[in-house]
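Take a look at the structure set out below.
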Amino acid sequence: SQTIHQWPATLVQPVGSPLSLECTVEGTSNPNLYWYRQAAGRGLQLLFYSVGIGQISSEVPQNLSASRPQDRQFILSSKKLLLSDSGFYLCACTTGSGANVLTFGAGSRLTVL
Amino acid sequence: AQSVTQLDSQVPVFEEAPVELRCNYSSSVSVYLFWYVQYPNQGLQLLLKYLSGSTLVKGINGFEAEFNKSQTSFHLRKPSVHISDTAEYFCALYSGAGSYQLTFGKGTKLSVIP
């Protein structure tokens, strides 16, 4: 089965600073990859998904971007953070077998001050 | 378009009591349904899933859910909860049809009271 690693686990950044959150997947190849944000009381919001290297689909217009430089690497970035970017960011993947079952990483908690 | 509604944002329950977390969905096509659990400051973990077949689905940690197509519901139940069941629970829907994403409900926080 696949395992997702996310880092950093926690991050405190000032408004206007850049952001890079990394996600790597072990135990599978050609996964579909996802970035979700979880804000208090708002459930899970899908931000980006990728079905292959260099292929990124954005679900919500925002201050963030995503990239997939390698098959099992997914990066969430921002050039200038806003206060509203604070939240818990979760990377997830699905695979060809059981393509609709998401496996989640442990998450990265971002606080923008 | 599809949607998932979790009717209760918070559910307090005493230890060893039964619990039901409610989930209703809306979709114009056939769906797959899931329940995920999230312990504090952790990612989500799959509890159980309904893909087809028997409408009563059993998952991990003694949880089960029943798919009711006529009522468009997928309620989660456990006959006797433990302190360790304190967590947030998310119902989710996948409609296939070329979609790559799940639609999640807003979550229900289950608090088990000793």
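The values are calculated or read from the model by the stated rules, or taken from the named source; none is laboratory data. Computed from a predicted model, the values in this text were never measured in an experiment. As a convention, Cβ positions derive from the backbone with ideal geometry for all residues, glycine included, and neighbour counts pool all protein chains shown. Side chains included, ligands, DNA and RNA excluded: accessible areas come from the protein's heavy atoms. Shrake-Rupley method; radii C 1.70, N 1.55, O 1.52, S 1.80 Å.
Give or take rounding to whole Å, what are the principal axis extents of the alpha carbon atoms in the range A:56-113, in descending order?
Principal extents (Cα only, largest first): 41, 21, 19 Å.
Counting only protein chains, not ligands or nucleic acids, how are B:His82, B:His75 ordered by accessible area (probe 1.4 Å), most first?
So the residues, ranked largest to smallest area, are B:His82, B:His75.
Can you sort B:Trp35, A:Trp7 by 1.4 Å-probe accessible area, starting with the largest?
The ordering from most to least exposed comes out as A:Trp7, B:Trp35.
Tally Lys/Arg at +1 and Asp/Glu at -1 over every other residue whose Cβ is under 9 Å from the Cβ of B:Ser80; what's the total?
Net local charge, B:Ser80 excluded: -1.
Along each principal axis of its Cα atoms, how long is chain A end to end? Whole angstroms, biggest number first, please.
Each principal axis gives a Cα extent; for chain A these are 41, 27, 23 Å.
Grab the beta carbon distance between B:Leu56 and B:Phe14, set R0 = 35 Å, and tell me the FRET efficiency rounded to 0.05.
After rounding, the FRET efficiency stands at 0.90.
Please list, ordered by chain and number, the residues whose modelled amide H lies under 5 Å from the amide H of A:Leu82; skip anything fewer than 5 residues away on the same chain.
Residues meeting the amide H criterion: A:Gly16.
How high is the relative contact order of the range A:12-113, in percent, with contacts defined as C-alpha pairs under 8 Å that are six or more residues apart?
Relative contact order here is 35 percent.
As a quick test, which of the pairs A:Lys79/B:Lys106; B:Lys49/B:Lys78; B:Lys58/B:Lys106 have an alpha carbon distance above 27 angstrom in this structure?
A:Lys79/B:Lys106
Taking just the C-alpha trace of the range B:3-113, give me its Rg and Dmax in Å.
Rg then Dmax for the range B:3-113, in Å: 13.4, 43.
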